[in-house]
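All remarks here apply to the structure that follows.
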Amino acid sequence: MKVLAILYNGFNAAVKEPRLLGTVENKINGLHHEDTSSLHRKVSSDKEGPNSDFEKHIVDAEVLITTPFHPGYLTRELIEKAKNLKLCVTAGVGSDHVDLNAAVDHKIQVLEVTGSNVVSVAEHVVMNILTLVRNFIPAHEMIERGDWQVSDVARNAFDLEGKVIGTIGAGRIGYRVLERLVPFDCKEHLYYDYAKLPVEREQAVKARKVDDIEDFVSQCDVVTVNAPLHEGTRGLINEKLLSKFKPGAWLVNTARGAICDADAVAAALKSGQLRGYAGDVWNVQPAPKDHPWRTMKNPLGGGNGMTPHYSGTTLDAQARYAAGTKAILENYFEGREQEPADIIVGVGAWATKSYGQR
């Protein structure tokens with residue numbers, strides 16, 4: 001049996017910090033299985049192009065492990081070449097790097113460590129919201145430059161209290177974001193989701209469902225995206241929808257970069273239609289050096305809160321997703337049932353509605 005793991009290079013940081021478990025250097029706990037007699041492991045970060053380790057070794061791999069932070073993009077074309085592939089494991093949450101419909105067609109199971117990073121991402125979302133609304137980054141950069149002109153940063157700084165906050169997606173992460181925002185006394189919490197929350201959960205976070213997305217964004221001072229990437233969300237936030245946003249709104253996306261049109265977001269920020277955009281997810285990862293989200297600014301020279309994809313890979317989250325990956329692999333090796341919540345695609349069938357209504 002061949003297990004192929006596409007992880008990222010941690011280099012010196014991974015050597016000095018053994019808790020960096022998603023790295024090539026430290027691997028993921030589940031790769032250290034006791035029965036090594038018939039197990040061949042290939043661990044690499046090399047994932048781009050036909051001569052990469054990913055494309056060469058996927059051909060005869062039975063198990064693929066990858067992370068959302070340095071994903072091996074498993075297309076239908078690659079799946080059709082992977083004659084032995086039976087299991088894809090996401091060490092974390094979010095399996096859109098796999099062509100899930102092709103996995104269904106080829107009876108390949110897809111599992112992820114559900115819930116392993118929801119707290120980590122929800123905290124990051126709240127941090128991003130505050131960073132944008134308070135105009136923190138330009139203020140900090142001013143200090144680094146040795147300058148001191150309070151008016152230049154205060155002219156674009158606001159309170160979160162009294163603002164309307166909306167989440168696209170009110171699942172495990174989106175709901176936790178709303179929970180964490182309750183103490184800020186926002187004017188209103190809105191959510192856009194195909195599933196309605198139970199009344200008691202709505203009341204607990206003071207949330208109201210809006211069924212039309214254009215109506216939803218037009219009411220929000222802050223929009224945060226907390227939905228999986230699938231056919232129904234890819235390119236959802238495009239030029240047309242951005243034109244319906246409240247002028248000067250802030251947008252936070254820690255879900256998936258491809259939910260937003262990269263050029264449309266950059267143009268909206270440049271024009272001031274968006275006051276700020278923050279997040280850690282990109283439509284291609286690692287993001288190319290000329291990606292517009294690296295350097296885009298609003299008319300006042302701020303509004304960019306982008307980081308590399310790390311919101312869900314704190315050391316605490318890594319411990320959880322490594323343990324979950326180990327459990328999934330051990331269940332597979334030993335023929336045990338998997339935890340139902342972890343199954344995205346079963347053998348020849350969808351096992352979740354998280355990736356859209358089907």
Can you tell me which condition Leu329 does not meet? The list is (1) over 27 Å from Ile168 (Cα atoms); (2) surrounded by fewer than 21 Cβ atoms within 10 Å (Cβ to Cβ); (3) touching a helix residue (DSSP H, G or I) at 6+ places or on another chain (Cβ under 8 Å), and all the others hold. (2)
For the range 342-352, enumerate the residues that are part of a loop (DSSP other than H, G, I, E, B), touching a residue at least 40 places away in the same chain (Cβ under 8 Å) and not small (Gly, Ala, Ser). Val347
In the range 217-241, which residues are of a type in the set (A, V, I, L, M, F, W, C) and either surrounded by fewer than 21 Cβ atoms within 10 Å (Cβ to Cβ) or within 20 Å of Val98 (Cβ to Cβ) (or both)? Ala227, Leu229, Leu236, Leu241
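A quick yes/no check of all residues on (1) buried (at least 19 other Cβ atoms within 10 Å of the Cβ); (2) assigned by TED's automatic domain parsing to the domain that holds Leu329; (3) within 30 Å of Thr167 (Cα to Cα):
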{"site": "Val59", "(1), (2), (3)": "no, yes, no"}
{"site": "Glu62", "(1), (2), (3)": "no, yes, no"}
{"site": "Asn84", "(1), (2), (3)": "no, yes, no"}
{"site": "Cys88", "(1), (2), (3)": "yes, yes, yes"}
{"site": "Asp105", "(1), (2), (3)": "no, yes, no"}
{"site": "Met127", "(1), (2), (3)": "no, no, yes"}
Is there a residue being loosely packed, with under 14 Cβ neighbours inside 10 Å, under 20 Å from the mean Cα position of the chain (by Cα) and among the charged types (D, E, K, R) anywhere in the range 340-352? no
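The values are calculated or read from the model by the stated rules, or taken from the named source; none is laboratory data. These numbers come from a predicted model, not from an experiment. Heads up, the Cβs are rebuilt from the backbone with ideal geometry, glycines too, and the neighbour counts pull from every protein chain shown.
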